[in-house]
Amino acid sequence: MFKSLFEKEWIKLRWVLLAYIIIGYAAIFSIGSDLQYGIKMHGAVKYWSNVITYHTNFFSILKYLPIFGAITLAVIQFVPESINKRYRLSFHLPMNEQKLLIFMLLFGIVSMLLLDVLIALGLFVVSGMFFPSDIVSISLVSIVPWFLAGIITYLGTSTVVIEPNWVQKVVIGITTYFTFELLMAERLFTQYNNVLIYYFLITLIYGIIILFPGHRLRKGSK
Amino acid sequence: MSEYIIECKNLNHKYGDFLVYNDLNFNVEKGKIFGLLGKNGMGKTTTINIMMGFLRPTSGSIKIFGEESHKISPATRARIGLLHEGHVAYEFFNVEQVEQFYSRFYPKWKREYYYDLMDKMGMNYDHKISKMSCGQRSQVVLGLIMAQVPDLMILDDYSMGLDAGYRRLFIEYLKNFVEEKNTTVLITSHIIQDLEKLIDDTIIIGRNKVLLQMNFQEFLQKFHQYDFQFDGKIDLQSDETISNIESINNNYSIYSFKEKNEVLQYLNSKNIQINDMSEIKMSLEDAFIGLTGKY
């Protein structure tokens, strides 16, 4: 059964996932060429000094990639399951509806995380070519909230698509937007260490919220 | 003793203040083909949605295989082949992918039932469902339900969007299959001319009420149309004798389960003197419209 579900999600999402990683690596390539150009133009000492003293964010091009990726992923994954009340096809399958929904969400989350890890690896390699390990590791920590914002955006968008009640759709949409704003707030790229644990907790809560509309859809409403 | 696969008891449903029906009762016997019929908007799909647990009724209950409709277990769902209104299907799959997808969910899966139908249709296995016509999609959905070899088929408005040829194809395949497998079927439709040789028992629902609940052949034999001319206005409500009355100018049609002389006596008792009243042979569609009304 899970093999079937895996294949279904793969058939729907393979092109989006491929596009995500291609765009991600195009961004990494762009970061690498900008760094090369910057160091060539200003000299390595001045460029390093800028990054260390002024916390210049040399990888900001990656900031919105997880968000756009997450919205696209959620829409491509759940809209074909929701239009024309097509969710009834899935919920008539002979398996527990929560397991079904959790599997679909895990597929989306794990796929995004895997691709995020590959993108982070690309950033690690490229920034490692120009900077010492301290700056490289701080850079990697700094992109974690963006990836978490991507996961929250994915969960929020999925919930909005699945949720049958329009009022609750709007409430979840607004809540997701403000949570997203919190995670994407401008910070110097060295200031994320203390707040990451809270960001993880928020992401976990979103993972639970999405199970409610699925439960209501399956169990029926008056 | 007969075994009921579906038991609908005292079912009431409202959308806000709008009453869909009140006190709906019916049972579907094992191995029978049961028609849940009625015009559009009379609550057929609502009943299916309640039956499959997608909607909670305002009151009353439906049991399927002895389980309450909103608590149907996955094991029982595996015994039910459900055709959703509009022949809804996963449109991102092609012919082959959709068969592979469903095959792993159903222990009795017989892929040959599905591929026989696809081959008869001359369908390429890489044909994507989103690119199919409604008729082609209906055959894919029927093939999948048959391959599941269910004990119960629930077919919600199978005729929606199908031309006469596809409707006939659908019914012929279905009839052949259910006779061979002794499958219980609940079928809903607002187009009934194809169902004459298929359905055993029927319930026909009108606005807020049950219009008829009986054996289908008995309905066809006992329901009559009587035409007559009358100068003047006849204002009769449906009751035990008159199921429906329709008129255009001074030409009247009365639909009734009573014999001609009983209807004439009834009209006389209402001071409506009829000189000449003739019984008109009805098609199934005529009888259905005669019972449910044109409006």
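Rule-based calculations on the coordinates, nothing more; no lab input. Please read all numbers here as calculations on a predicted model, not as lab measurements. Virtual Cβ from ideal backbone geometry, glycine too; neighbours counted across all protein chains shown.
The tail of the calculated P(r) for the range B:173-295 beyond 20 Å holds 48 percent of all Cα-Cα pairs.
Between B:Tyr125, B:Tyr115, B:Tyr15, the GNM of chain B built on Cα springs shorter than 10 angstrom shows B:Tyr15 fluctuating the most. Taking every C-alpha pair closer than 8 Å and separated by at least 6 residues, the mean separation divided by the residue count of chain B gives a relative contact order of 19 percent.
Against chain A, whose longest principal axis is taken from its Cα atoms, helix A:44-54 shows a tilt of about 60°. P(r) for the range B:223-292, from all Cα pairs and a bin width of 10 Å, is 20, 61, 18, 0 %, short bins first.
For the range B:230-295, which trypsin sites (Lys or Arg not before Pro) pass both filters: DSSP loop (anything but H, G, I, E, B) and at most 13 other C-beta atoms within 10 Å?
Listed in order of number, the matching sites are B:Lys233, B:Lys270, B:Lys281, B:Lys294.
Take every DSSP beta bridge with both residues inside the protein assembly as shown and express the antiparallel ones as a percent of the total, to the nearest 5.
Given both bridge residues lie in the protein assembly as shown, the antiparallel proportion sits at roughly 65 percent.
Farthest towards the positive end of the charge dipole of the range B:4-214, among the residues B:Ile154, B:Tyr15, B:Tyr125, is the Cα of B:Tyr15, using unit charges on the Cβ of Lys, Arg, Asp and Glu.
Other residues lying with their Cβ under 12 Å from the Cβ of B:Lys270 contribute a combined charge of -2, Lys and Arg counting +1, Asp and Glu -1. The C-alpha radius of gyration of chain B, expressed as a fraction of 2.2 N^0.38 Å, stands at 1.13. Of A:His55, A:Ser4, A:Phe103, which is farthest on the positive side of the dipole of the range A:1-132, counting Cα position, with +1 on Lys and Arg Cβ, -1 on Asp and Glu Cβ, and the Cα centre as origin? Ranked along the dipole, the leading option is A:Ser4. Think of each Lys and Arg Cβ as +1 and each Asp and Glu Cβ as -1; about the Cα centre, that makes the dipole of the range B:4-214 roughly 360 debye.
For the protein assembly as shown, the Kirkwood radius over C-alpha pairs fed into Stokes-Einstein at 25 °C and 0.890 mPa s yields D = 91 µm² per second.
Using the Cβ atoms and a cut-off under 10 Å, what net charge is assigned to the surroundings of B:Asp201, where Lys and Arg are +1 and Asp and Glu are -1?
-2
Dipole size in debye (nearest 20) for the range B:1-85 around its Cα centre, Lys and Arg Cβ +1, Asp and Glu Cβ -1?
120 debye
Placing +1 on the Cβ of each Lys and Arg and -1 on the Cβ of each Asp and Glu in chain A, which of A:Gln77, A:Met129, A:Leu183 has its Cα farthest towards the positive end of the resulting dipole? The Cα lying farthest towards the positive end belongs to A:Gln77. Magnitude of the charge dipole for the range A:1-113, about its Cα centre and with charges confined to Cβ atoms of Lys, Arg (+1) and Asp, Glu (-1), is about 160 debye. For chain A, modelled as a GNM whose springs connect Cα atoms under 10 angstrom apart, the maximal fluctuation among A:Lys12, A:Lys46, A:Lys63 occurs at A:Lys46. Rounded to the nearest 500, the 222 nm mean residue ellipticity of chain B from helices alone is -9000 deg cm²/dmol, with -39,500 (n - 2.57) taken per DSSP H run of at least 4 residues.
Quick one: net charge around A:Ile143, please, counting Lys, Arg +1 and Asp, Glu -1 for every other residue with C-beta under 11 Å from its C-beta.
Charge balance near A:Ile143 sits at 0.
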